[in-house]
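Reviewing the structure listed below.
Bear in mind these aren't lab numbers, they're just calculated from the coordinates by the rules spelled out. Remember, it's a predicted structure, so these values are computed and weren't measured experimentally. Neighbour counts run over all protein chains shown; Cβ positions are idealised from the backbone, glycine included.
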Amino acid sequence: MLNLSQVIVRPVEPSEEPRFQELMQQYHYLGALPKIGNTIWYIVTYNNEWLGLLSFSAAALKCGARDRWIGWGHRLQYDRLHLVANNSRFLILPTCHYKNLASKVLSLCRRRIQQDWQVRFGFPLLMMETFVDPSRFIGTIYHAANWQLIGNTRGYQRIRNGYSNTRQASKLVFVQPLQRNSRSLLSASPLPQHYVTGVPRMKLTADQMRSLPGFFKTIHDPRRAQGRKHRVHVVLAIAAGAILCGMRGYKAISDWAQNLSPKARDRFGCRFSDRKNSVPSESTIRNVLIRIAPVELDRALQQWNAQYGTIDDSLAIDGKTMRNAVDDSGRQIHIMGAVGHQSKQSYTQKKSAPYL
C-alpha cells in the first residue's frame, strides 16, 4: 500500500538526466523532450523508487485562451512569459498507477516550484499551464489538483520558423495560478520590480517589421556608394527592432539579426542574394549607427513611436541637470524627458530652460 504522505517530488540531478530521458522516451506517448528555455525536470519517488516524471519548461509563445484569461496585451505578454511555466510532460510509470498519486504529485509541485524557479533562474513563477489532448485524456488529474480549464487551443503547432499553416487537433488549456494575485500581477501596469528581469522587452509583429524601414527612408546614407550592400533604412530598421526587443550593444543587435527567420528578413526588406535574404553584419550595423545624423534618427523613431507606441497609459516627466555640460552662454544644460510607465521607453528628450 502506497503512503501518499511519504511521496517526494524533487528536481532531477545531472547524473539522473539520461535515465529520465530514457524513461520518458519509452513510456510517454509524445516521447522525450529536450530542455526548452528555462526548464526543470522533476522525479517522483517513494522509498527511493521512481514513480513518475514531470517536465516544466518555457510557456507557449502564443495561446489565445490563456492570453484572454490573463488579460494582458501583446507587449505585456511577451515581456512576462518568463513568469509562466508549461507542464510539458507528466508521466506516471506503468507499474505505479496508484489512486490519487497524480493529483498528489501536482500538489507537491505547486508547493515547491516557485522556490525552485527562484533558485535556478533568479525569479519566481506566477502561473503554470498545460495542454491536454482530449482524444486521449479529459484532464481528470488536473481537475482533481484544482487546475482551471479555461478553453481550447486553435490547433496550430509551433515549428522552427513560427507556426504551422494547417490546424491539428485542438487541445484543452489548463492553468494553475501560484498565488492569489497571479492573474492581476501578470496584467498589471507596471509589473512589481520583484518580478522584472533585465530590460523591457517586446516582440515585433509582422506589421511592425514591415513598417519600420519606411520611417527611415528619408535619412541620408553617410556611406560611400561603392561596396554598399545593405540599404540604410533596412540597417536602421533591424537595429531599431533589436533594441525594441531588449538587445543592447552592437554584438547583441547583430546576433538578433542573424537569428531572424526567413519571413522576418523578408518583412524588413533585407537584400536577396544566393536564394536567401541576408542581414547586415555587426561591422555594417556599427558603421551606420555611429555615422548617421542623430537628429534625423530621433525624428524617425518618434514618428514610429507615435503610431505604434500607444500602449502606455501614462507618462513620467522628469528633469536632469547635465554634469559638466554648459551652453553657449555658460549656463548648465538641463534635459527634460518623457518616459512611458508601461514600456519604459523614452518618448522624447528636450533641452529645457535654465533653473532660476
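What to note about this one:
- Cβ-Cβ distance of residue 293 and residue 16, R₀ of 51 Å, FRET efficiency by 1/(1 + (r/R0)^6): the value works out to about 0.30.
- Residue order for 231, 10, 265, 224, fewest other beta carbons within 10 angstrom first, comes to 224, 10, 231, 265.
- Given their separation in residues at 0.36 nm each and the Cα-Cα distance between them, residue 206 and residue 97 gain 34.6 nm when the chain is fully extended.
- For residue 171, residues with placed amide H under 5 Å, excluding near neighbours: 153, 155
- Distance between the modelled labels on residue 218 and residue 266, one decimal in nanometres: 3.0 nm (7 Å Cα→Cβ projection).
- Virtual spin-label span in nm between residue 74 and residue 306, 7 Å along Cα→Cβ: 2.0 nm
- Over all other residues within a Cβ to Cβ distance under 13 Å of residue 145, the charged ones net out to +3, with Lys and Arg as +1 and Asp and Glu as -1.
- Region 131-141 - phi-based ³J(HN,Hα) in whole Hz, Karplus 6.51/-1.76/1.60, Gly and Pro as x: 10, 10, 7, x, 6, 10, 9, 10, x, 4, 5
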